[in-house]
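Right, one structure below, let's go through it.
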Amino acid sequence: MTSTRIIAAAQLVFAATAIAIGALALSPAAQAETFEHSCTTNPGAYATNAVRGEYSTQRIGQDRYEICKVYDAGNRLLGTTNVPNYGYYNSPKHNRLDQAQVPGVLK
């Protein structure tokens, strides 16, 4: 192999690795934000004739459940979709008790 082919092959491997890492970078927080956005801006994706979507979360033990409730024009509940994030609060970054407290300004 010539040096230009080696360089081209290395660049191809580097680009493929970067794409794979980028795909893995979609964190649970980003996924949650996408579910929330979809619920509130496109409620029709969750039930026929839905015009309003309400997003909320609920903690059950160490799991977090994302909830999307969709309603029709008459404010009648058409359906509820739950997305579980098992073990969400096991991670120190999601557990408020484990986060460092920021001291107040001393006078």
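Where does each of 42-52, 83-93 land if you order them by average Cβ count within 10 Å, highest first?
42-52, 83-93
Report, in debye and to the nearest 20, how large the dipole of the stretch 27-95 comes out about its Cα centre when Lys and Arg carry +1 and Asp and Glu carry -1 on their Cβ.
In debye, rounded to 20, the stretch 27-95 gives about 100.
FYI, it's all coordinate maths here, none of it is from the lab. Keep in mind that what you see is a predicted model, and the values were worked out from it rather than measured. Glycine also receives a Cβ, built like all others from the backbone with ideal geometry; neighbour counts cover every protein chain displayed.
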